[in-house]
Amino acid sequence: MKKAEIILVSISGLTLVLMALWVPVAIFFILAMASLSVLYLVFSFALLPGRALSQSANIKAAPVSKGRLIGSIGAGFVFSMVVIGLMFGFMRWPGWPGMLLPTVLPLVLIAIISFIKISKAKDDFYKKMLIRVAVLGALTALFLTVPYFWLDLKYRDFPEYRAAVKAADAQPEDKALQQKEQEEYNRIFPMQE
């Protein structure tokens, strides 16, 4: 699980850098982020220390409290939602704020609980959980406070398109602004006939 998580995060980060440089690798970013989300959602129990998917039924793992198991599964669900929301945000698909906003409070709660547990006993599980919360929380905060940072970074050479997107987002019912955004997009990527 941990190796798969590291590989998927590395692929996502690399493809983001390449996307900012206009390399057409969006499909790999989508696949890596979706896989990471599924990994967090389905296999969050494997984040627990001593719990590996390769362990057979004959090998006894150290007992884990129900609270830690439930917390791990809950954190995996929250992490999964954050990853999907970030994927939607980076791809500029609609609905990303509605996916990220509900995860802010659970991320804060996970961070507080992890911090308390670390201060009481130096537990490696909670240190790793706090690192995950810090990374995902920072990206969530960035998207929610500076929603156009990725647009401004990726389309830094196309100010007309950025202005058209921001105007269309400010007035989503205005069809003329949506048409203007599409026209500016088509100037960047002319339709091949």
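The table for this structure:
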| read-out | value |
| --- | --- |
| Across K2/K166; K117/K154; K3/K166; K2/K117; K2/K122, pairs whose alpha-carbon gap is larger than 29 Å | K2/K166; K117/K154; K3/K166 |
| Anchor K120: lysines whose Cα lies under 17 Å away (excluding residues fewer than 8 positions away in-chain) | K128 |
| 10 Å Cβ shell holding at most 11 others, DSSP loop, trypsin sites (Lys or Arg not before Pro): longest site-free stretch of the chain | 61-121 |
| Qualifying chymotrypsin sites (Phe, Trp or Tyr not before Pro) in segment 58-129, DSSP loop, other Cβ atoms within 10 Å at most 10 | none |
| Accessible carbon and sulfur surface of the chain relative to its total accessible area, %, 1.4 Å | 69 |
| Cα-based shape type of segment 111-163, given that a ≥ b ≥ c are square roots of the gyration tensor eigenvalues and the cut on a/c is 1.5 | prolate |
| Spatially proximal aspartates and glutamates relative to K180 (Cα-Cα < 15 Å; intrachain offsets below 8 disregarded) | E160, D169 |
| Relative contact order computed over the chain (Cα-Cα under 8 Å; 6+ residues apart), in percent | 15 |
| Anisotropy class of the chain from Cα gyration tensor, a/c 1.5 cut | prolate |
| Lys/Arg +1, Asp/Glu -1 at C-beta; the chain dipole; positive extreme among L109, P147, M87 | L109 |
| Residue-averaged [θ]222 nm for the chain, counting only DSSP H segments that reach four residues, each worth -39500 (n - 2.57) | -23500 deg cm²/dmol |
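The values are calculated or read from the model by the stated rules, or taken from the named source; none is laboratory data. Predicted, not measured: the structure shown is a model, and the values here were computed from it. Methodologically, a virtual Cβ is constructed for each residue, glycine included, from the backbone with ideal geometry; neighbour enumeration extends over all protein chains shown. The accessibility values were calculated without ligands, DNA or RNA, using every heavy atom of the protein model including side chains. Shrake-Rupley method; radii C 1.70, N 1.55, O 1.52, S 1.80 Å.
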